[in-house]
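Working notes for the structure below.
The values are calculated or read from the model by the stated rules, or taken from the named source; none is laboratory data. Since the model is a prediction, treat every value here as computed from it, not as a measurement. Glycine gets a Cβ as well: all are built from the backbone with ideal geometry, and neighbour counts include every protein chain shown.
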Amino acid sequence: MKYMEPRKPNLIIPLILACMVISLLFVAGCSSLTANAGKGAIASPTQNNTRSVERVEVMHFHPAQQCYSCRTLGEYAKETVNLFFAPEIESGKLVFKEVNLDLPENADLVKKYEVTGSSLWIGVYDANGFHKEQNVNVWYKINNETEFAQYLQPIIRDRLNGVIT
């Protein structure tokens, strides 16, 4: 009887399939960003889509039981708004709200912003209606209050200046 070596697995086909899946996910992700551009997504400042803004809302949505990160996010957002935008708050052009998404009296706001959990949202009211934006990048800044404020301040300033889609 002749000794046969065990067959080595052919890895070429699984590698090709993996590359195809990754490519499709990348393309799908890029197209979904484009598809959302006209549906309340906020434009980058380079798009230069400016409008006259009536009011901007910075909303920290959170559950009744908040973890350290959720509390920190709300505190840093409130401090940033109060420190850098006092005249806009006084005039009513900018509003900051802490919203407990578990309370029934906040159900309309939760529905309006389509909130699913603890998050920071920016809502812009202009002549064309209401535009909302969830900012997920703030979560990466909660370890440093200065970096958090340096990140969030220009975003709010842009929205107040009408840089939206």
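The table below lists the values:
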{"item": "Residue within segment 4-22 that is under 20 Å from N161 (Cα atoms), of a type in the set (A, V, I, L, M) and at pLDDT 50 or above present", "result": "no"}
{"item": "Matching option when the condition is aliphatic (A, V, I, L, M) and modelled with pLDDT under 50, among V58, V27, V53", "result": "V27"}
{"item": "Members of segment 99-155 that are over 18 Å from the mean Cα position of the chain (by Cα) and within 15 Å of V56 (Cβ to Cβ)", "result": "D126, A127, N128, G129"}
{"item": "Meets criteria (modelled with pLDDT under 60 and under 24 Å from Y151 (Cβ atoms)) for Q47", "result": "yes"}
